[in-house]
Every structure is written in C-alpha cells, then in structure tokens.
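First the structure, in the form of structure tokens, and then the observations on it.
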Amino acid sequence: MEAVGSDPDWRALTAAWLAVIVERLENGRLPFAGVDDPHADHDLICHEETESMTCPTPTTAHQGRYWDVPPSSVVVDRLLARILVAVRGQAWEETFWDHVLPRIATAIHDTIASDLLERGVSVTLLGHQPLSDRLLFRMIDEVDEALLTLAKRRYLHGKYTPDQFEEVLYAGRRSTWMFHSLMGLRPSHDGKAERLALYVSDSDPPIEWPKRVSDSFKRAWESR
C-alpha cells in the first residue's frame, strides 16, 4: 500500500477501483469475494482484479481529516449511482456498503447517502462519514459520531461563524463526549471557544474537564 502523500490523485484511484466493482456487478458477479457470507474475511474486498492497483482503505481515504468534506468527483458519483441500483435490496447490501463507504476518498453525494438513510442501511457507518452538514444534522440523534464530526467541522473550519458553530453546540448540549473532544482543540476563531466555554459552564450536571484542554479554551473560560 502506497502512502497517501505519494499519490496526489486519490480520487482517480477510488474511481478505478469502483469501476471494477461496477463491471463485476453488471456482469452478474458478486462485487467481492465473501460479501454474501457473514463469516467471510471481508478484507478480501480488495479482490483479485484490483491487485495491480492501489486499493483504498479507511485510513487512507480521508487522510486524517474525517470531519471535513473531501472534494467531490462526478465520476465517482456516477459509479456509486450504478452500484446503488445493482446492490439495492440484496441480502448482503449492508455488508457491502459497510466495507465500501469508508474507502470512498471523495464526498459521498447526498442522493446516495439519503437513499441509504431512508432505508436504514449502514446508518451507523454513515454517521462516521464526512457527509454534508444537512445530512449530519439529520443523523445526530441516531449516531453520536455524526454530532462529533459536525461539531469539529464547524469548530475547526474557518468558513463557519461562531453562530453556526453554536447551532451544533445547542443540538448536542447534552453530549459530554462532544464537549470533551472540542475542549482539547484550537478553533478557527476565538469566538467559538467563547461559545464553547459558556455551554460548558452552563452544563448541568457540571462537566469534568478532560486532561488535555487547549489554550484557546482556557482563555475563553477565564474571560467569561
């Protein structure tokens, strides 16, 4: 497996890999060995046809910025749409998506994600994906990770205002896990740390501080 940094076009590799899966499905074959066997080793997802190319993995696909929305790809969107038609309703559909979605190195189109959510397929896994804000908000009551992904995105990304960040704070105001995760990070704007400090101070029962707290949060806490 090549390091992500050695190949700048990870989207192209993802598209090539998905194209092999499409070809298999449209020729009446399983997408990868063992997908129909719940006891199989699903590491075989990188099946024999892709041994000559780099196979995406969950750790390489999002390059450590799982909270951010990666670039989109029209090619990947079209391939996923064809795959969705081919696997919809199959007994092994959820197994398939559970192993494919984390390996998608581009933004997952709302149409694909919404279809899966509406049918209750791979919902927990989708909550761990860098979906659009709209879909993450829709999932925050079902999947804790969806709330954390959205909170980190709005806390760390400079395109969001403190007011937009506070929308997530209010939605997750009972999530100690979210507060602990954010208190150790440096926000894109000091105003976000100030909003976070206010919510932490107003929490009932009181929130115990984690071992690691950022200087931004400490300053905001002291200036309340």
Distance in nm between pseudo-label sites at residue 119 and residue 23 (7 Å out along the Cβ direction from Cα): 2.5 nm
Length gained when the stretch residue 77-residue 177 is fully extended (0.36 nm per residue, less Cα-Cα span): 32.7 nm
Nitroxide proxy distance, nm - points 7 Å out along Cα→Cβ at residue 37 and residue 202: 5.6 nm
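Quick note: the coordinates plus some simple rules give every number you see, no bench work behind them. Keep in mind the model is a prediction, meaning the values are calculated, not measured. Counting neighbours? That spans all protein chains shown, and the Cβs are built from the backbone with ideal geometry, glycine included.
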